[in-house]
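Quick notes on the structure that follows.
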Amino acid sequence: FSYFLSNPQYILNCGFGILFCVIAGVFILISGNDLVQSLQSQGLDAGYLCVAVFTLLSVLGTMTDIVVPSVSLEGKTLWQLKSLPVETENILKAKIFVQFLLSSISMLFVSVCAVIVFRLGIAESVALLCFPFIYSYFFAEYGMFLGLKRANLNWTNEVIVIKQSMAVFLYILSGFGYAVFLSGFCFGFGIMLPYIIPVYAVLVITLCLAVLVSHWIKSKGIALFDEL
C-alpha cells in the first residue's frame, strides 16, 4: 500500500479504474431514474439492467491493474524482499490483496448505487453485490499470474513495467475480452431464458476460474517467484 500510494505514476496508470468507479456511481445516482424509465418504456426487465451494470463494472475493473507490475517493480531489490522471514505465499497474497481490496470496494460502490436507484429485485441485487468481489478476486489472481509469467526485473524506468509491459497489455486485453464474453453470454441466453439465469452462471464461471488461478499461484506461482 505504501509503495502504491507514494508513486504518482503507479497510481495514475494502475488505479484509474477506482476513480472511474466513483464517477460511474455518482452518475447512476444522478441520472439512473431517467435510464430506468427509458429501458422500461422499451419493455426491458431488471435482468437486462443487471447485465448492463455487470458489463460496465467489468470494463471499469479492467482499468485497475495494481498487482500486474507489482513483482517487476521490485526490480533489482527483489533480493531484499526474499531475505525477509516471510513465506513466499504471504508475499504474493499481500500484493494480490492490495488490488482486491481497492478494486472490490470501488466496484461495490457502483453496485450499491445501482441497487438503490434501479430498485432491483432480491436476486438481481444479490448478484450485483457479489459480482465486485468475485470479479476482483479473479482478476487480482489473474494479474499476479501474468505478473509472474512476464516478470521484468531489469528495467531502467519503472514506467516501462507500469505502462508498456506485455503483462499489462494482456491483462487489459483479457479484461475487455471478459466484458465482451459476459455481455454476449448473458444477452445471448437472455433471448431464451430470464436474464438472471446467465447472470448467475457468469458468477459461477468466474469464481471457478479464480479458484483455478489461485491454485496455480499456490503451486507453480510460488516456485516461479522463488526462481526470479
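Within region 84-91, does at least one residue satisfy the condition of being surrounded by 20 or more Cβ atoms within 10 Å (Cβ to Cβ) and in contact with a helix residue (DSSP H, G or I) (Cβ under 6 Å, 6 or more places away or on another chain)?
Within region 84-91 (the criterion being surrounded by 20 or more Cβ atoms within 10 Å (Cβ to Cβ) and in contact with a helix residue (DSSP H, G or I) (Cβ under 6 Å, 6 or more places away or on another chain)), the answer is no, since none of the residues qualifies.
Scanning region 156-177 for residues that are in a helix (DSSP H, G or I), open to solvent by 20 Å² or more (accessible area, probe 1.4 Å) and within 15 Å of Leu146 (Cβ to Cβ) turns up Lys163, Met166, Phe169, Leu170, Ile172, Leu173, Ser174, Phe176, Gly177. Taking the listed residues Leu120, Leu102, Leu128, the one that is farther than 18 Å from Val202 by Cβ and touching a residue at least 60 places away in the same chain (Cβ under 8 Å) is Leu102, with no other qualifying. Filtered by the rule that a residue be hydroxyl-bearing (Ser, Thr, Tyr) and in contact (Cβ under 8 Å) with a residue 24 or more places away in the chain, region 133-178 gives Tyr135, Ser136, Tyr137, Tyr142, Ser165, Tyr171, Ser174, Tyr178.
In region 205-220, is there at least one residue being over 21 Å from Ser106 (Cα atoms), in a helix (DSSP H, G or I) and at pLDDT below 90? Let's see the steps before the verdict.
Of all residues in region 205-220, those over 21 Å from Ser106 (Cα atoms) come to 205, 208-209, 211-220.
Narrowing the set further to residues that are in a helix (DSSP H, G or I) leaves 205, 208-209, 211-220.
From the residues that got through so far, the ones that are at pLDDT below 90 too are 219.
The answer is yes; a qualifying residue exists.
Determine whether Gly184 is among the small types (Gly, Ala, Ser) and in contact with a helix residue (DSSP H, G or I) (Cβ under 8 Å, 6 or more places away or on another chain). No.
The values are calculated or read from the model by the stated rules, or taken from the named source; none is laboratory data. Because the structure is predicted, anything quoted here is derived from the model rather than measured. All Cβ positions, even for glycine, are placed from backbone atoms using ideal geometry, and neighbour counts span all protein chains on display. Note: accessible area is taken over every heavy atom of the protein model, side chains too, but ligands, DNA and RNA are not part of it. Shrake-Rupley method; radii C 1.70, N 1.55, O 1.52, S 1.80 Å.
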